[in-house]
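Enquirer: I'd like to ask some things about the structure below.
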Amino acid sequence: MLRYDGVYRMEGRKLQLAGKSTYLVSLPKRWVLHAGLKAGDTLFVETETDGSVSVRPRASERPTDRRMVFQERGEEARDHLLRKLIGAYTSGFGLIEIRFAPDRAPFVRRVSREFCRLVIGPEVIEEGKNSIVIQDLSDPSELSSEKCLRRMHLTVRAMLEDAVTAIETGNESLANDVALRSQDVSRLFWMVSKQYHLAHSSSPPAGDRTNSAAIHAHRLIAKLIERIGDHAKRIAATYPALSASKTLEPKLAKDIEEARVSAVALLDTAFTSLVARDIEAANRAIDGRVEHQKLIDSLSHRVAAKKGEDLLALGTVVDSLGRIAGYATEIAEQAIDLSVLLSPDPA
């Protein structure tokens, strides 16, 4: 893949073997002339995060960051501006400029700094009377989509464990901490989404099915893990209602804990099947949902006898534990699809 005047052009070139260990590939004449090169000049080759290779005529030459410009309308709500900034970030824009009337400066500066705290990488680099420029300084090679998924997995499983512990023990600080950690999961999800859009906007070489398929699956899986984090937060949010009842009945608390252990086990098995490309493990996770559903059904019958806030709160806990298992099996299904797609072609 080569670039002329900012436009990507795809050209096929055969790889040739020169000697026993040197591989050669010819460069299009048009690109060489456009770059002002001649025989004997030094080129700079760099391996990108998606596995492709960039050839540059100068060592310092890097593709310019894509720029998005927003005009703040003067009556924009905080959430509306924040969503646009996150959308520009996940779409892969390295520079985001916000223009505004001078009297709106305090509002825009406040939202801009909140945005920079919410996501990974962006920093305010320029401030003027009627504009702010934010640049994404993150390096995808330092935090790949797979690394993001690993961190998301560890975070949400800990959130789930702590959420159930909080309602069982009446630990308010632990319940609040679960809610705070959900933002860390969202930050990692937005990073994976950004890498997905960057990988597709950079037009990876034809035949590069490994990276294209993986980043697509990773984005889908990141969303599923984020949903699991949302349900852990939802469980923790029942703390006020359940703490008013002092403590859960021992038998009910034991059954909830058993369902929590089962849900985490399904999640762990599904995630292991993803990173190891282990189809058998993925099938175990999917098949294991049947036994998990029996635990959920039993809990649902017991909770149905409750009344008032206890019924609503415990119903939320049981529902979330069931949905978490569903998301875990979807992760396992994605793991199977990816494993099959990326398996070596039969001889």
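The values are calculated or read from the model by the stated rules, or taken from the named source; none is laboratory data. Computed from a predicted structure; not experimentally measured. For neighbour counting, all protein chains shown are included, and Cβ atoms are generated from backbone atoms with ideal geometry for every residue, glycine included.
Enquirer: For the condition modelled with pLDDT under 90, aliphatic (A, V, I, L, M), surrounded by 18 or more Cβ atoms within 10 Å (Cβ to Cβ) and in contact with a Leu (Cβ under 9 Å, 6 or more places away or on another chain), what is the one hit in LEU143, LEU149?
Expert: Exactly one residue qualifies, and that residue is LEU143.
Enquirer: Six or more apart or on different chains, Cβ atoms under 7 Å: show the pairs whose first residue is in the stretch 250-274 and over 19 Å from THR238 (Cβ atoms) and of a type in the set (Phe, Trp, Tyr) and whose second is in a helix (DSSP H, G or I) and at pLDDT 95 or above.
Expert: PHE271/HIS153; PHE271/ILE331
Enquirer: Looking only at the stretch 152-173, filter to residues that are of a type in the set (A, V, I, L, M, F, W, C) and surrounded by fewer than 18 Cβ atoms within 10 Å (Cβ to Cβ); which one of those is nearest to ALA236 (Cα to Cα)?
Expert: Taking the candidates together, the pick is ALA158.
Enquirer: Could you list, in sequence order, all residues of the stretch 302-322 that are surrounded by fewer than 17 Cβ atoms within 10 Å (Cβ to Cβ) and in contact (Cβ under 8 Å) with a residue 40 or more places away in the chain?
Expert: Within the stretch 302-322, ARG302, GLU309, LEU312 qualify.
Enquirer: Please determine, by comparing only the residues of the stretch 245-274 that are at pLDDT below 90 and among the polar types (S, T, N, Q), which one is farthest from GLU291 (Cα to Cα).
Expert: Looking at residues that are at pLDDT below 90 and among the polar types (S, T, N, Q), I get SER245.
Enquirer: Can you tell me how many residues in the stretch 275-304 are at pLDDT 95 or above, more than 20 Å from ILE167 (Cβ to Cβ) and part of a helix (DSSP H, G or I)?
Expert: Counting residues in the stretch 275-304 that are at pLDDT 95 or above, more than 20 Å from ILE167 (Cβ to Cβ) and part of a helix (DSSP H, G or I) gives 15.
Enquirer: Among the listed residues GLU97, GLU161, which satisfies the condition of being more than 30 Å from ILE324 (Cα to Cα), outside any loop (DSSP other than H, G, I, E, B) and of a type in the set (Asp, Glu)?
Expert: Result: GLU97 is the single residue among GLU97, GLU161 that is more than 30 Å from ILE324 (Cα to Cα), outside any loop (DSSP other than H, G, I, E, B) and of a type in the set (Asp, Glu).
Enquirer: Of everything in the stretch 240-288 that's closer than 29 Å to GLU309 by Cβ and among the charged types (D, E, K, R), which residue is surrounded by the fewest Cβ atoms within 10 Å (Cβ to Cβ)?
Expert: LYS246
Enquirer: Might you check whether a residue that is without any contact (Cβ under 8 Å) to a residue 60 or more places away in the chain and either closer than 29 Å to ALA263 by Cα or assigned by TED's automatic domain parsing to the domain that holds PRO240 (or both) occurs anywhere in the stretch 156-165?
Expert: Yes, the stretch 156-165 contains a residue that is without any contact (Cβ under 8 Å) to a residue 60 or more places away in the chain and either closer than 29 Å to ALA263 by Cα or assigned by TED's automatic domain parsing to the domain that holds PRO240 (or both).
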